[in-house]
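Down below is the structure, laid out as structure tokens.
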Amino acid sequence: LPLTGMPHKDSRYYAQTYLPAILKRDPGAALSEVRVVPNPYNLGSTADVRWPDQQDKIGFLDVPGDCTIRVYTELGVLVNTIEHTDGSGDAYWNLTTSSNQVVVSGIYFAVVKDNVTGEQIIRPFSIIR
């Protein structure tokens, strides 16, 4: 900062915040690295296993920076589509359908498609309510 002759305001309380820092990973180097966490998602798990900011949340980690994630039921019904375009390796889903209804217990499949290369990979996961 340039010195302006003005007194500098600084103290432990002046810049204090209670908002958590949100760090994002670099995009995944290969589709084979994509992970779904927590897997299985169990609503009855202790809070230290789940994401601290939201109860119903699943993370797709090490995804490409520009990808489409489609979530299907075990019968092949499309539940939701997530357009991940922020360039990071993290994408999240709030466990709701495209109609904003909470999903039920079951086995689901995430189809992650890299929008740049056209490659895709399938990752199974389960939800226990």
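The values are calculated or read from the model by the stated rules, or taken from the named source; none is laboratory data. Bear in mind the structure is a predicted one, so any value in this text is a computation, not a measurement. Please note: Cβ atoms are built from the backbone with ideal geometry, for glycine as well, and neighbour counts cover all protein chains shown. Remember, those area values only see protein heavy atoms, side chains included, never the ligands or the DNA or RNA. Shrake-Rupley method; radii C 1.70, N 1.55, O 1.52, S 1.80 Å.
Only a single item in (1) free of Cβ contacts under 8 Å to residues at least 24 places away in the same chain; (2) touching a Phe, Trp or Tyr at 6+ places or on another chain (Cβ under 8 Å); (3) assigned to a loop (DSSP other than H, G, I, E, B) is not met by ASN39, and it is number (1). Within region 88-114, being over 19 Å from TYR41 (Cα atoms) and under 13 Å from the mean Cα position of the chain (by Cα) holds for SER88, GLY89.
Can you tell me which residue is nearest to the chain's Cα centre (by Cα) among those in region 48-65 that are more than 15 Å from ILE121 (Cβ to Cβ) and assigned to a strand (DSSP E or B)?
In the first step, residues of region 48-65 are kept if they are more than 15 Å from ILE121 (Cβ to Cβ); the result is 48-59, 65.
Next cut, assigned to a strand (DSSP E or B) only: 58-59.
Working: ILE58: 6, GLY59: 3 Å.
The qualifying residue nearest to the chain's Cα centre (by Cα) is GLY59.
Taking the listed residues THR73, THR68, THR117, the one that is under 16 Å from the mean Cα position of the chain (by Cα) and at negative phi is THR68, with no other qualifying. Residues in region 63-84 include none that are open to solvent by less than 50 Å² (accessible area, probe 1.4 Å) and among the acidic types (Asp, Glu). Restricted to region 85-118, and to residues there that are assigned to a strand (DSSP E or B) and acidic (Asp, Glu), the residue that is least open to solvent (accessible area, probe 1.4 Å) is ASP90.
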